[in-house]
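Enquirer: Input: one structure, supplied below.
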Amino acid sequence: MPGQVTAVSRNERYSFSKPNRDSIRLLAGLGVEGDVHAGETIRHQFRMTYEPDLPNLRQVHLMHEELFDELALKGFEVSAGQLGENITTRGVDLLGLPTGALLHLGEQAVLEVTGLRNPCSKINDFRKGLLGEVFAMDPLSGEFTFKSGVMAVVRCGGTVRPDDPIRVEPPPAPHRPLERV
């Protein structure tokens, strides 16, 4: 079964959550039209203060709906847009994608995956204790696993709607694992 978009969200102002929309329009090199995080350079509220001229590798935030299922089993009710993502997916192993993977959404839009979302402490403000559930430490390697989605840049613009199909195009080998951006 191919992956699909289950929800799309954007917010014109800085806020932890983003309201769901009937559709969003992706703009090549910028992000989600009308979203506070759209732009060629960093738009992350905290990082703009000390890295304002760096390229925006966080134009679009994608999160897998399967995470919400996992969180529900632990007593946390979370739905699309509430953790600040622009695109909620199902059926795509977002966290298993390599850096540079292309995601073809709907008829025209193409995103390039740039890295893992680095969860921030505001997640605990949203739901107390949730931060500890969206990352975990591997007891063998001591490395952290981040589960709060991936970040991407827009390579080809287009309109994205719930129920749009998602097709993954891996980058040329060798593949680089995702890192925090």
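The values are calculated or read from the model by the stated rules, or taken from the named source; none is laboratory data. Nothing here was measured: the structure is a model prediction, and the numbers come from that model. Glycine also receives a Cβ, built like all others from the backbone with ideal geometry; neighbour counts cover every protein chain displayed. We work out accessible area using only protein heavy atoms, side chains counted, and drop any ligands, DNA or RNA first. Shrake-Rupley method; radii C 1.70, N 1.55, O 1.52, S 1.80 Å.
Enquirer: Can you tally the net charge around Glu12? Count Lys and Arg as +1, Asp and Glu as -1, for every other residue whose Cβ sits under 13 Å from the Cβ of Glu12.
Expert: Every neighbour counted, the sum reads +3.
Enquirer: Hey, in the GNM for the chain with a 10 angstrom Cα cutoff, which one of Leu71, Leu97, Leu62 fluctuates hardest?
Expert: Leu71
Enquirer: In what order, largest first, do Tyr50, Tyr14 sit by accessible area if the probe radius is 1.4 Å?
Expert: Listed by decreasing accessible area, they come as Tyr50, Tyr14.
Enquirer: By the gyration tensor of its Cα atoms, with a ≥ b ≥ c the square roots of the eigenvalues, what is the shape of the stretch 1-73: rounded for a/c under 1.5, prolate for a/b over b/c, or oblate?
Expert: Prolate is the answer for the stretch 1-73, as a/c is 1.5 or above and a/b outweighs b/c.
Enquirer: Once you mark the trypsin sites (Lys or Arg not before Pro) that are in a DSSP loop and have at most 11 other Cβ atoms within 10 Å, what is the longest gap between them in the chain?
Expert: On the way: sites that count: Arg13, Lys74, Lys128.
The longest such stretch corresponds to 14-73.
Enquirer: Quick one: net charge around Arg155, please, counting Lys, Arg +1 and Asp, Glu -1 for every other residue with C-beta under 12 Å from its C-beta. Don't jump to the answer; show the numbers that get you there.
Expert: On the way: positive: none; negative: Glu112, Glu169.
Residues near Arg155 contribute -2 overall.
Enquirer: For the stretch 54-181, take N as its residue count and report Rg(C-alpha) divided by 2.2 N^0.38 Å.
Expert: Working: Rg = 14.6 Å, N = 128, 2.2 N^0.38 = 13.9 Å.
Relative to the 2.2 N^0.38 Å estimate, the stretch 54-181 comes out at 1.05.
Enquirer: Here's a follow-up. Using just the helices of the chain, give the 222 nm mean residue ellipticity in deg cm²/dmol: DSSP H runs with n ≥ 4 each add -39,500 (n - 2.57), and the total is spread over all residues, rounded to 500.
Expert: About -2000 deg cm²/dmol.
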